Amino acid sequence: MTFNNQRRNLMKALPAAGISLSLPAMAATAPDPWLQAQAIIDHVSKPLKFRKQDFNITKFGAKPCKLTKAKAWISHEEQDDINTPAAGAFDNYAAIKAAIKACHDAGGGRVVIPAGNWFVAGPMVLLSNVHVHLAKNAHVYFSHNPADYAKYGDIDCGKHGKLTISRWQSNDCLNYSPMVYAYGQNNIALTGEDWTATLDGQGGLPFNEQGDCWWTWKGKQKTINSVGQGTTPNFKAGKMSENTVNPLNATSLSMVAPALTEAERVLIQGEGERWRADAQYLPALSEAGVALSKRVFGVGHYLRPPMIQIIGCTNVLLEGYHVVQTPFWMHHPVHCRNLVIRNVHAHSHGPNSDGFDPEACDHVLVEGCTFDTGDDCIAIKAGKDLDTQYGPSQNIVIQNCIMHSGHGGVTLGSEMAGGIQNVFAQKLVFENANWKTNPLNTAIRMKTNLNRGGYLRNFYVRDCTVPNGVQTTPSFYASLPGSPIQSKTVATAAGAIVTFDCDYTPISDNVRTRPPVVSNIQISNIRTGNVKTKDGKLVSCYQAIVILGPVASDYNGAGPMPPVVPVTDVTITDCDFGTPVNTEAPWFLYNVKGLTLKNVTIGDTVHNTTLSA
């Protein structure tokens, strides 16, 4: 396997470079923390500058394609006939690559993808000082064949393909390339003229005779009592997936991490063979300290790449386009500085179709976007297990956005081992237009556990509406044996307007040694509407508030156990959460200290109180 030396050196240099690129964090505990939000907006809103020269991809040999109809999955449970490139469509991978290179070599400019249907069987790799622009009615159909994303990476991993430095659910790996990718670049833009400019991942289109698609690789679902997401497209027990034991993975961590003690190996592997499934094996490699060069996935493995992944970049603009049917997360910037995503329509109802997941990023503005997703609309992340070298996610503003379907509207975590701080969300509409069939699970969400650990501090939300409520039935995650939180009793997966879950799907993680710390959260002026359910009741949610603090009994490390502290200093002010289904218990609290409710209306009752549990 060859490992590009330039990439290796950049991987080493990025953390240090990040320090020089980030601004000092202001004191988020100042009298008016929203002054800091405005400072972040002002800092990142300076327009990027590019040379005034266009590079039309047709000048480099690009050719549009004809379309045909094919049956595909459009969500977890639904199929439909969709447009897709006809057999024999011209592959524009080389033409787009050549246009981007020519633009970069000339000192920058704009690469134009004109109106038409364009088939691309490989990644679109962005370079410094290049602005890739999709014209009105430009539709890029990325190949739905996984093999096309193991052909062009910089790192030759033999039978596993030519792979790309990536990060999958916050763990570093060598994997299939994302459809749009950038690594270590500066001053880059991806824009569309309007929402007819489309980037299409074709995530639900079958790629083999068995009818498997990218989404099939999700495997078995974990959520109990979910609505609209009870199955995985074309998956059945025994089929290979990210959650199925992969015989290509080592049978013991001693084979890949011989320096581990026996106690460490047993802790990381856990009981049985489950740890050898790809989605568990990668975190195990992180916990074991295995180098990136040995975390080889790609061909023969089942980790779906994100649609758009930008790693270690500065001065990034994502604006004005429509992204659909993505294999995995729609946008995943990692360790980026000065990033704006504006007026983007992110629409994909497949498994793990998160809309925008900034990870270990500093100074980010999310503005004017619409999210309609199969997972979290926005999920702020910061590393997992030992992959915390890029530090926290911080100084992030989210404003004037609309959220429809999704697990969480604004979510923090679950992968947050490096910490999250100074996050501001304002003037959002959690529209939940699909509330009858595929509802938004919860509006404001935090999720972590004793594996993910990390901290959340200085999180501010104000002036938001939830006109159609959220899911009105409870959904759950399974608890560990012996936990004081019994399975199927606390609606942490769905059903509350505000959900802070410090015991997120604990059975998924073998190593549970890092208690999270959650403090200083302020939520104000949230207005929630009721909807009429099938039984004729007018309700907004199952419960208004669920705060499940860290669960000490989950700890399974060596003694002495580190402090497991409650969620502290949460203030909710001037809010109306509508009428919950569970009127007898409108909130659930566990390991919480100092939840202050000021002028909070739930049903017919106004609450002014401070609660601990």
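Of all residues in the range 439-458, which are assigned to a loop (DSSP other than H, G, I, E, B) and either farther than 26 Å from residue 479 by Cβ or of a type in the set (Val, Ile, Thr) (or both)?
Step one: of the range 439-458, the residues assigned to a loop (DSSP other than H, G, I, E, B) are 439, 448-454.
Listed by number, the list holds a single entry, 448.
Tell me, yes or no, whether the range 459-470 has at least one residue that is open to solvent by less than 30 Å² (accessible area, probe 1.4 Å), in a loop (DSSP other than H, G, I, E, B) and among the hydroxyl-bearing types (Ser, Thr, Tyr).
The answer is no; no qualifying residue exists.
For the range 342-372, which positions are under 15 Å from residue 308 (Cα atoms), assigned to a strand (DSSP E or B) and either polar (S, T, N, Q) or in contact with a helix residue (DSSP H, G or I) (Cβ under 9 Å, 6 or more places away or on another chain) (or both)?
If the condition is that a residue be under 15 Å from residue 308 (Cα atoms), assigned to a strand (DSSP E or B) and either polar (S, T, N, Q) or in contact with a helix residue (DSSP H, G or I) (Cβ under 9 Å, 6 or more places away or on another chain) (or both), then 348 is the only one that fits.
Test residue 274 against the criterion of being under 24 Å from the mean Cα position of the chain (by Cα), charged (D, E, K, R) and open to solvent by 20 Å² or more (accessible area, probe 1.4 Å), and give yes or no.
Here the answer is yes, as residue 274 does meet what is asked.
Yes or no, residue by residue, for (1) closer than 30 Å to residue 280 by Cβ; (2) buried (at least 24 other Cβ atoms within 10 Å of the Cβ); (3) out of contact with any Asp or Glu (no Cβ under 9 Å at 6 or more places or on another chain):
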{"position": "349", "(1), (2), (3)": "yes, yes, no"}
{"position": "354", "(1), (2), (3)": "yes, yes, no"}
{"position": "370", "(1), (2), (3)": "no, no, no"}
{"position": "385", "(1), (2), (3)": "yes, yes, no"}
{"position": "391", "(1), (2), (3)": "yes, no, no"}
{"position": "395", "(1), (2), (3)": "no, yes, no"}
{"position": "407", "(1), (2), (3)": "yes, yes, no"}
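Give me a count of the residues in the range 102-130 that are under 13 Å from residue 60 (Cα atoms) and assigned to a loop (DSSP other than H, G, I, E, B). Walk me through it before giving the result.
Filtering the range 102-130 for residues under 13 Å from residue 60 (Cα atoms) gives 102-103, 111-114.
Of the ones still in play, those that are also assigned to a loop (DSSP other than H, G, I, E, B) are 114.
Residues in the range 102-130 being under 13 Å from residue 60 (Cα atoms) and assigned to a loop (DSSP other than H, G, I, E, B): 1 in total.
Given the conditions (1) free of Cβ contacts under 8 Å to residues at least 60 places away in the same chain; (2) polar (S, T, N, Q); (3) out of contact with any Cys (no Cβ under 7 Å at 6 or more places or on another chain), which single one is not true for residue 343?
Condition (3) is where residue 343 drops out.
Determine whether residue 285 is in a helix (DSSP H, G or I), modelled with pLDDT of 95 or more and open to solvent by less than 10 Å² (accessible area, probe 1.4 Å).
Yes.
Return the residues of the range 160-218 that are small (Gly, Ala, Ser), farther than 18 Å from residue 316 by Cα and surrounded by fewer than 24 Cβ atoms within 10 Å (Cβ to Cβ); say none if nothing qualifies.
Matches in the range 160-218: 197, 211.
With the requirement that a residue be touching a residue at least 60 places away in the same chain (Cβ under 8 Å), of a type outside the set (A, V, I, L, M) and either open to solvent by less than 50 Å² (accessible area, probe 1.4 Å) or touching a helix residue (DSSP H, G or I) at 6+ places or on another chain (Cβ under 7 Å) (or both), what does the range 223-236 give you?
223, 226, 228, 229, 230, 232, 233, 234, listed by residue number.
Select from the range 102-120 the residues that are open to solvent by less than 10 Å² (accessible area, probe 1.4 Å) and closer than 26 Å to residue 327 by Cα and list them in ascending order. So that I can check it myself, show each step before the final result.
Applying the first criterion (open to solvent by less than 10 Å² (accessible area, probe 1.4 Å)) to the range 102-120 yields 103, 108-109, 111, 113, 118, 120.
Within the range 102-120, 111, 113, 118, 120 meet the criteria.
Scan the range 488-504 residue by residue and report those that are surrounded by fewer than 20 Cβ atoms within 10 Å (Cβ to Cβ) and either closer than 28 Å to residue 273 by Cβ or in contact with a Lys or Arg (Cβ under 6 Å, 6 or more places away or on another chain) (or both).
The one that is surrounded by fewer than 20 Cβ atoms within 10 Å (Cβ to Cβ) and either closer than 28 Å to residue 273 by Cβ or in contact with a Lys or Arg (Cβ under 6 Å, 6 or more places away or on another chain) (or both): 488.
Select, from 525, 530, 520, 510, the only residue that is of a type in the set (S, T, N, Q) and in contact with a Cys (Cβ under 7 Å, 6 or more places away or on another chain).
Just one listed residue meets the conditions, 525.
Looking at the range 69-94 only, could you name the residues that are farther than 30 Å from residue 439 by Cα and open to solvent by 60 Å² or more (accessible area, probe 1.4 Å)?
Of everything in the range 69-94, those that are farther than 30 Å from residue 439 by Cα and open to solvent by 60 Å² or more (accessible area, probe 1.4 Å) turn out to be 87, 88, 90, 94.
Considering (1) open to solvent by 10 Å² or more (accessible area, probe 1.4 Å); (2) farther than 17 Å from residue 323 by Cβ; (3) not in a loop (DSSP other than H, G, I, E, B), say which one residue 99 fails and leave the rest.
For residue 99, the exception is condition (1).
If residue 58 meets every condition in (1) assigned to a strand (DSSP E or B); (2) open to solvent by 60 Å² or more (accessible area, probe 1.4 Å); (3) β-branched (Val, Ile, Thr) apart from one, which number is that one?
Every condition holds for residue 58 apart from (1).
Residues being part of a loop (DSSP other than H, G, I, E, B) and closer than 16 Å to residue 80 by Cα: count how many of those fall in the range 208-227.
Going through the range 208-227 one residue at a time, the tally reaches 3.
Within the range 505-526, track down each residue that is open to solvent by 10 Å² or more (accessible area, probe 1.4 Å), assigned to a strand (DSSP E or B) and out of contact with any Pro (no Cβ under 8 Å at 6 or more places or on another chain).
Selection gives 517, 519, 520, 524, 525.
Could you list, in sequence order, the residues of the range 572-613 that are β-branched (Val, Ile, Thr), closer than 22 Å to residue 466 by Cα and surrounded by 15 or more Cβ atoms within 10 Å (Cβ to Cβ)?
Of everything in the range 572-613, those that are β-branched (Val, Ile, Thr), closer than 22 Å to residue 466 by Cα and surrounded by 15 or more Cβ atoms within 10 Å (Cβ to Cβ) turn out to be 572, 573, 579, 581, 596, 600, 601, 602.
Take the range 572-613 and flag every residue that is within 21 Å of residue 475 (Cα to Cα), hydroxyl-bearing (Ser, Thr, Tyr) and in contact (Cβ under 8 Å) with a residue 24 or more places away in the chain.
Matches in the range 572-613: 579, 590.
Every residue in the range 145-159 that is farther than 14 Å from residue 293 by Cα, open to solvent by 40 Å² or more (accessible area, probe 1.4 Å) and part of a loop (DSSP other than H, G, I, E, B), please. Outline the logic, then answer.
Filtering the range 145-159 for residues farther than 14 Å from residue 293 by Cα gives 145-152, 159.
Now narrow it down to the ones that are open to solvent by 40 Å² or more (accessible area, probe 1.4 Å): 145, 147, 151-152, 159.
Of everything in the range 145-159, those that are farther than 14 Å from residue 293 by Cα, open to solvent by 40 Å² or more (accessible area, probe 1.4 Å) and part of a loop (DSSP other than H, G, I, E, B) turn out to be 145, 151, 152.
Can you tell me how many residues within the range 237-256 are surrounded by 12 or more Cβ atoms within 10 Å (Cβ to Cβ), free of Cβ contacts under 8 Å to residues at least 40 places away in the same chain, of a type in the set (A, V, I, L, M, F, W, C) and part of a loop (DSSP other than H, G, I, E, B)?
Within the range 237-256, residues that are surrounded by 12 or more Cβ atoms within 10 Å (Cβ to Cβ), free of Cβ contacts under 8 Å to residues at least 40 places away in the same chain, of a type in the set (A, V, I, L, M, F, W, C) and part of a loop (DSSP other than H, G, I, E, B) number 2.
Out of the range 314-339, which residues are touching a residue at least 60 places away in the same chain (Cβ under 8 Å), assigned to a strand (DSSP E or B) and open to solvent by less than 10 Å² (accessible area, probe 1.4 Å)?
316, 318, 323, 332, 334, 339
Take the range 554-593 and flag every residue that is among the aromatic types (Phe, Trp, Tyr) and part of a strand (DSSP E or B). Working first, answer last.
At the first step, the residues of the range 554-593 found to be among the aromatic types (Phe, Trp, Tyr) are 555, 577, 587-588, 590.
Passing the criteria: 587, 588, 590.
The values are calculated or read from the model by the stated rules, or taken from the named source; none is laboratory data. Not measured: the values here are computed from a predicted model. Here Cβ is always computed from backbone atoms with ideal geometry, including for glycine, and neighbour counts include all displayed protein chains. The accessibility values were calculated without ligands, DNA or RNA, using every heavy atom of the protein model including side chains. Shrake-Rupley method; radii C 1.70, N 1.55, O 1.52, S 1.80 Å.
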